[in-house]
1. Using the structure shown, decide if residue A:12 is modelled with pLDDT of 85 or more and over 28 Å from residue B:72 (Cβ atoms).
2. State which residue is modelled with the highest pLDDT when the search covers only the range B:162-181 and only residues that are more than 9 Å from chain A (Cβ to nearest Cβ), loosely packed, with under 13 Cβ neighbours inside 10 Å and assigned to a loop (DSSP other than H, G, I, E, B).
3. Working only within the range A:115-150, note down all residues that are farther than 30 Å from residue A:34 by Cβ and within 11 Å of chain B (Cβ to nearest Cβ).
4. Which strands (runs of 3 or more DSSP E) does the range B:68-161 wholly contain that include 2 or more residues that are closer than 23 Å to residue A:168 by Cα?
5. Can you give me the number of residues within the range B:131-154 that are touching a Phe, Trp or Tyr at 6+ places or on another chain (Cβ under 8 Å) and surrounded by fewer than 16 Cβ atoms within 10 Å (Cβ to Cβ)?
2 protein chains.
Amino acid sequence: PSNLPGYATHQVGVAGAVFDEDTGKVLVVQDRNKTVNSWKFPGGLSDHGEDIGITAVREVLEETGIKSEFKSLLSIRQQHNHPGAFGKSDMYIICRLKPLSYEISFCPQECLKCEWMDLKELAYCSNTTPITSRIAKLLLYGHKEGFHKIDLTIRTFPAIYSGLFYSLYHKELPEAYETKRNL
Amino acid sequence: PSNLPGYATHQVGVAGAVFDEDTGKVLVVQDRNKTVNSWKFPGGLSDHGEDIGITAVREVLEETGIKSEFKSLLSIRQQHNHPGAFGKSDMYIICRLKPLSYEISFCPQECLKCEWMDLKELAYCSNTTPITSRIAKLLLYGHKEGFHKIDLTIRTFPAIYSGLFYSLYHKELPEAYETKRNL
């Protein structure tokens, strides 16, 4: 194994699935300048030093005008030789967000269309990407049976060597396992 | 928003939690050249173009001599201004692996110690890192109540624009949601 320190090999992008539990609608966009106009979730690249949830909320606001808050991490996508990343690898993270505003004012440089779509319609429509469709089905499952079934929640831990902090995302751990009680 | 293409901002590392369901033991190492000798899972940086699961299996083999296979993704850690990454951000992914061999032959350049440790002991011992402890508790939860409670499983999808393929990791989706049957 090499003893050289590591270098950056990945760009990290984040998409925000802004889902309104009250109406059952989810925020979707169609990108400008694409040959295939598919519905997808708004999102974009993380800025240097930016947390995943912050990127999701910022990108959703920039693209659609909708304010939202981070709820959970839903999925991670990895792709190599990404055409938009000079052949580097691409890590794309999909978050669940809760809307804090509802009036769309989308960015015309980035989006062709933007709307609140019925989640079930998105889950089973044909003019979407395979991954958007899959995440819509996952959200439908969470909406019907509880978001604890699909959410990775965030916890912060100290790093023992550097004095910095880590953000860790994983499935919720029942209280009994935290405390060793009754195990 | 910038129209410039993205560039690599993150290094991606992967750790492998090799857990043997039959014995209840998990593979742990202590790094050489650390002032605090804590038990942790073996792992290291992804090579260019290498899938997460492949990195985990490779790093475990290089560090410990143990052969294993990828089962699931358990957790994602994000940290900024990482001291080992020239101030870049660090994305560290923790996978669950199944052992295919049991005889340890650890790399003395990287490890001070390596052993199969009882999972419950690791989950509640003090000489480990906060994240290793947390993941050990999560594995204990999975071992007792079913790994479907903690696993993110992998699916592969086509990318509609580039003709390439994506790997997507998320919680298992019940069959009924795939097919829209009985929803």
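1. On the way: modelled with pLDDT of 85 or more: yes; over 28 Å from residue B:72 (Cβ atoms): no.
Answer is no for this residue.
2. Here the residue is B:163.
3. Taking the range A:115-150 first, the residues farther than 30 Å from residue A:34 by Cβ are A:144-149.
Answer for the range A:115-150, where residues must be farther than 30 Å from residue A:34 by Cβ and within 11 Å of chain B (Cβ to nearest Cβ): A:144, A:145, A:147, A:148, A:149.
4. Values: elements: B:68-79, B:89-99, B:111-118, B:153-158.
Answer list for the range B:68-161: B:68-79, B:89-99, B:153-158.
5. Total satisfying the criteria: 1.
The values are calculated or read from the model by the stated rules, or taken from the named source; none is laboratory data. Keep in mind the model is a prediction, meaning the values are calculated, not measured. Cβ: placed from backbone, ideal geometry, glycine included. Neighbour counts: every protein chain shown.
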